[in-house]
Each structure stands twice: as C-alpha cells, then as structure tokens.
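**Student:** Take this structure first; my questions come after.
The values are calculated or read from the model by the stated rules, or taken from the named source; none is laboratory data. This structure is a prediction, so every number in the text was calculated from the model and none was measured. We place every Cβ from the backbone using ideal geometry, glycine too, and count neighbours over all the protein chains shown.
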Amino acid sequence: MVMNTKKDEKIKCPRCEIYMRKEEVEVTGPNITIDFCIQCHSYWFDKGELNKYIKTNVIDKNLKRTEGIQSWSKTVCPRCGGKISLKFIEDLEVDHCDDCGGLWLDHGELKQLQDKDFAAFKESRLKEVFSGLKRITKVKK
C-alpha cells in the first residue's frame with residue numbers, strides 16, 4: 001500500500017481508518033498543523049513537529065529502536081505508506097516511520113510526553129556526552 005500524501009492533505013488514522021482532523025497549532029516560528037483522530041484520540045506528527053509542539057529538541061534526537069522481533073509495528077505510515085517501527089522516547093514506546101520521520105502517538109502518549117521533565121533529560125544527556133568526551137580526551141593523551 002504505497003501512498004505519498006502531501007502535508008496539507010488529509011490522512012487516515014492508522015488504527016480507525018477514518019480521516020484525521022487537521023489542527024493548526026501556534027508555535028515559535030511558522031505554525032504547525034497536526035493530525036488528530038476524533039475516534040481514538042491519537043495524533044500524527046510529521047517530522048520535527050512534535051519537537052516544536054512540546055518546545056524541545058530532544059524528541060527526534062533520542063528515539064531508540066526496540067530490540068528483537070517486536071521492533072516493527074503492524075501499522076503502515078498514513079503519510080507515506082512506509083513501515084512503522086516501534087521506538088522509545090525514554091520509557092515511552094511510540095510508533096515512528098523510518099521513511100518520512102513521522103510519529104504516531106496513541107491516546108494519552110502526548111500527555112505523557114508533555115509531563116516529562118525534558119530539562120532533566122537534556123542534563124543527563126549532556127553528562128553522557130561530556131563523560132564520553134573525557135574518555136576520548138584521556139585516550140588521545
């Protein structure tokens with residue numbers, strides 16, 4: 001099932017198969033338009049939109065693939081028709097299209113992401129990066 005819909009075209013909810021409602025959201029910079037399913041209350045975010053919506057840049061950079069046989073969802077990307085993989089943002093499993101970079105959030109997952117303390121998450125990632133740099137620096141000496 002190959003489809004390549006433009007961002008301004010309506011897409012069908014991967015779960016309910018009904019057209020999702022488009023909602024324009026004011027953010028810093030150009031507004032974004034997200035897709036919302038009125039039946040199952042899920043959201044589709046095109047690449048980079050979730051970062052703008054939550055006002056952080058850690059989402060796309062920190063998607064972690066699940067290991068093993070369960071790493072692929074049975075869902076097909078509503079935007080491009082690509083395979084959806086199951087990934088993690090910290091401890092939250094989300095559906096991610098490896099082709100177009102879109103994210104599908106089930107009911108309640110957006111709220112869970114909004115409640116996360118990404119300032120602490122950024123700080124812990126910075127500590128990891130700096131400790132890695134220290135190890136590299138020690139090796140070079």
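**Student:** Restricting the search to the stretch 6-35, which residues are closer than 16 Å to residue 75 by Cβ, modelled with pLDDT under 95 and surrounded by fewer than 15 Cβ atoms within 10 Å (Cβ to Cβ)?
**Tutor:** 16, 17
To keep it simple, each residue is scored yes or no on (1) under 23 Å from residue 27 (Cα atoms); (2) modelled with pLDDT under 75; (3) among the β-branched types (Val, Ile, Thr); (4) within 15 Å of the chain's Cα centre (by Cα).
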site	(1), (2), (3), (4)
74	no, no, no, no
79	yes, no, no, yes
89	yes, no, yes, yes
104	yes, no, no, yes
111	yes, no, no, yes
124	no, yes, no, no
137	no, yes, yes, no
141	no, yes, no, no
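**Student:** Out of the residues in the stretch 36-56 meeting the condition of being surrounded by 17 or more Cβ atoms within 10 Å (Cβ to Cβ) and under 9 Å from the mean Cα position of the chain (by Cα), tell me which one is farthest from residue 77 (Cα to Cα).
**Tutor:** Going through the qualifying residues, I end up with 51.
**Student:** Got a sec? Which of 38, 54 is hydrophobic (A, V, I, L, M, F, W, C) and modelled with pLDDT under 90?
**Tutor:** 54
**Student:** Which one is farthest from residue 46 (Cα to Cα), of the residues in the stretch 86-105 that are in contact with a Leu (Cβ under 7 Å, 6 or more places away or on another chain) and acidic (Asp, Glu)?
**Tutor:** Looking at the filtered set, the residue picked out is 93.
**Student:** I've got another one for you. Of the conditions (1) among the basic types (Lys, Arg); (2) under 23 Å from residue 98 (Cβ atoms); (3) modelled with pLDDT of 85 or more, residue 65 satisfies every one except a single condition; which number is it?
**Tutor:** Going through (1) among the basic types (Lys, Arg); (2) under 23 Å from residue 98 (Cβ atoms); (3) modelled with pLDDT of 85 or more one by one, residue 65 breaks only (3).
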